[in-house]
Amino acid sequence: MIMTKYLKILMSFIVLFSIYSCYEADNFYADLTKIPQINTDKDFAYKATYFVGDTMVVNGKLNAEQNLEIKIGGVKANIFSIKKIKYVVGTSDNPNPNADYMEQASFVIVKEMLGEQRTVTVKSSDQEIFGPSVDIIPDHDPNGFDKRLMLSKIATLPDNAILISCINGKGDIYYFDSLTESIVRYNKAGEKSIIISKNKPIMLNGALFNYAELTAGAVTPDGSHLYLFVKNTGLINVDLSTRNAVVMSSKTDMSTGPYEGNIADVPMVISSMRADNGNNLYLEINDTNFGKKGLAFYEKTTGKLSYIVNSNSTLPGLNTYYQSFHFSPEDHLVYLEGSQFSPFVTDIILVDIKTRTIIQTLIPKIIGNEKKLNLFGSFATLKTIFNSASPDRTFGYLPQPDKRLVYLAFQNFNPFTDGADVSGTGGLPKWVVMDFDKKMSLPLGLGKFDVQDNIFQPTQSLLPSINIRDKILNYDEEGNIYFTVNGRLEIAKTKTINP
């Protein structure tokens, strides 16, 4: 009897414990179902980068009816839409996937959310979770425009014009007109002036100097000096206040050196150049006869020339491949576009002019299977294709002070060959500002750049196709960009479109 009594008590305890355990399990399961979930599958995940003013959409089991709250960087979102959408659950191994439903919350990104790697939190039923962080960026560069941009023509270039470099931030354009043997300047207002002509000649050692065979030239940003490389003469420096010239180097046979040292002693064949207000020169050396190719720096205070980089190991400097180069005297560096680290990705490296060392690198991510083009945001999130050999993908680049590099992205984006979703770009083509100090890429203006039926040449996919390369030339105080278009037929610039 006693044993039976204890057995009944034990059984009662077990039953009560089981009931309590089931109750606790039910409560635990109920608590789990209250925890919101964010769907991060590629078809439903939110983007890594948003502009202020964009609509962000978060998908998942959000439990919207339980006081749903979403915050970006601690700033509460004003959710304007919540709806249920179908979600198919299954794998390729499952021929009969299940259909389920989840919630979709939409809200507008506001300026208070600005910043890199802002936390994303979703809270409902007093349960809070964290989603992947996002970059919230301005809708345009601080030095750019809060309006759309269009192409505006300034002047027609004569046939066989030779462009003369002058990046001074004032919108000035210089070129040599071989038909009239004159050097012409256009200012940003489109006003034309003749700098050098038969009536305003260059004088060398008291005699008229024939510069008709010039192949490259540069004007200092302040407009005080003109540098020309003339076949069979060499490198000359012209004081534009007097038009008197001096020969800096007359040696053009690069079969032997010296390749560095006093500039008068160094043979060189210059194909392009840039000058600064200190009368320092930044030179592209390209002697096709002897396969000598590189970038060199002439320092006025020492009178010496030294190589920065070369693509021929017989020359001094950093030996590296580059597809294009862009000097930035203000930042004492040169940007090189090439494939330094992978044959499948075109990157941009920054090389210090004096130390000849790589100081920074930008390697965009491959667009990949997600097929998402990302031109803007943190450098770490960029997914794009750099290729200035094809203006259809990249036209430019234009260096600006404070380690900024401007280019035009995708005048013609081919979804079959480039294969990506462009919905997050705001429309293509697009002027892009890459800020290497902030490691951030931003639009120069809002929306799509209106090319006005013009083409940056040489195009590979548009008509007509002209095998003459257009060139980016200058910028002005307002931030407008100056360039040639239609195979150097015209000079044009960006211009804001009024609403």
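The values are calculated or read from the model by the stated rules, or taken from the named source; none is laboratory data. Predicted, not measured: the structure shown is a model, and the values here were computed from it. Glycine gets a Cβ as well: all are built from the backbone with ideal geometry, and neighbour counts include every protein chain shown. Note: accessible area is taken over every heavy atom of the protein model, side chains too, but ligands, DNA and RNA are not part of it. Shrake-Rupley method; radii C 1.70, N 1.55, O 1.52, S 1.80 Å.
Numbers for the structure displayed
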item	result
Residues of the stretch 241-264 satisfying the condition of being of a type outside the set (S, T, N, Q) and in contact with a strand residue (DSSP E or B) (Cβ under 8 Å, 6 or more places away or on another chain)	Arg243, Ala245, Val246, Val247, Met248, Lys251, Met254, Tyr259, Glu260, Gly261, Ile263, Ala264
The lone exception for Asp435 - which of (1) of a type outside the set (Phe, Trp, Tyr); (2) open to solvent by less than 50 Å² (accessible area, probe 1.4 Å); (3) touching a Pro at 6+ places or on another chain (Cβ under 7 Å) it fails	(3)
Scope the stretch 168-200; condition open to solvent by 30 Å² or more (accessible area, probe 1.4 Å) and in contact (Cβ under 8 Å) with a residue 60 or more places away in the chain; matching residues	Lys170, Lys188
Residue that is in contact with a Ser or Thr (Cβ under 6 Å, 6 or more places away or on another chain) and free of Cβ contacts under 8 Å to residues at least 40 places away in the same chain, where the choices are Asn160, Asn78	Asn160
Qualifying positions in the stretch 37-56 - in a strand (DSSP E or B), open to solvent by less than 50 Å² (accessible area, probe 1.4 Å) and either of a type in the set (Ser, Thr, Tyr) or under 12 Å from Val120 (Cα atoms) (or both)	Ile38, Thr49, Tyr50, Met56
Test set (1) closer than 23 Å to Pro329 by Cα; (2) assigned to a loop (DSSP other than H, G, I, E, B) - Ser272 fails condition number	(2)
Which numbered condition Leu382 fails, given (1) open to solvent by 40 Å² or more (accessible area, probe 1.4 Å); (2) modelled with pLDDT under 95	(1)
Strands (runs of 3 or more DSSP E) within the stretch 278-378 that include 2 or more residues more than 30 Å from Ser133 (Cβ to Cβ), open to solvent by less than 20 Å² (accessible area, probe 1.4 Å) and touching a strand residue (DSSP E or B) at 6+ places or on another chain (Cβ under 7 Å)	281-287, 292-299, 304-310, 324-328, 333-338
Number of the condition not met by Pro221 [criteria: (1) crowded, with 17+ Cβ neighbours inside 10 Å; (2) in a strand (DSSP E or B)]	(2)
Selected residue [crowded, with 19+ Cβ neighbours inside 10 Å, modelled with pLDDT of 90 or more, outside any loop (DSSP other than H, G, I, E, B) and not β-branched (Val, Ile, Thr)] from Gly447, Gly396	Gly396
Residue in the stretch 25-61 that is nearest to Ile136 (Cα to Cα), counting only those that are of a type in the set (A, V, I, L, M) and at pLDDT 90 or above	Val52
Residues satisfying the stated conditions in the stretch 139-153, i.e. part of a loop (DSSP other than H, G, I, E, B), over 19 Å from Tyr46 (Cβ atoms) and open to solvent by 40 Å² or more (accessible area, probe 1.4 Å)	His140, Pro142, Asn143, Asp146, Lys147
Index of the failed condition, Asp135 passing every other in (1) in a strand (DSSP E or B); (2) surrounded by fewer than 19 Cβ atoms within 10 Å (Cβ to Cβ); (3) at pLDDT below 95	(2)
Among (1) modelled with pLDDT under 95; (2) in contact with a helix residue (DSSP H, G or I) (Cβ under 9 Å, 6 or more places away or on another chain), the one test that Asn467 misses	(2)
Condition check for Ser81: at pLDDT 95 or above, open to solvent by less than 90 Å² (accessible area, probe 1.4 Å) and among the small types (Gly, Ala, Ser)	yes
First in the stretch 288-308 and small (Gly, Ala, Ser), second anywhere and surrounded by fewer than 14 Cβ atoms within 10 Å (Cβ to Cβ) and assigned to a strand (DSSP E or B), Cβ under 6 Å, 6 or more apart	Gly303/Asn262
All positions within the stretch 453-499 that are in contact (Cβ under 8 Å) with a residue 40 or more places away in the chain, of a type in the set (Gly, Ala, Ser) and surrounded by 14 or more Cβ atoms within 10 Å (Cβ to Cβ)	Gly479, Ala492
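For (1) outside any loop (DSSP other than H, G, I, E, B); (2) at pLDDT below 95, each residue gets a yes or a no:
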residue: Ala155; (1), (2): yes, no
residue: Lys170; (1), (2): no, no
residue: Tyr211; (1), (2): no, yes
residue: Asn232; (1), (2): no, yes
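Conditions tested, residue by residue: (1) under 36 Å from the mean Cα position of the chain (by Cα); (2) in contact (Cβ under 8 Å) with a residue 12 or more places away in the chain.
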{"residue": "Val230", "(1), (2)": "yes, yes"}
{"residue": "Ser241", "(1), (2)": "no, yes"}
{"residue": "Pro258", "(1), (2)": "no, no"}
{"residue": "Ala264", "(1), (2)": "no, yes"}
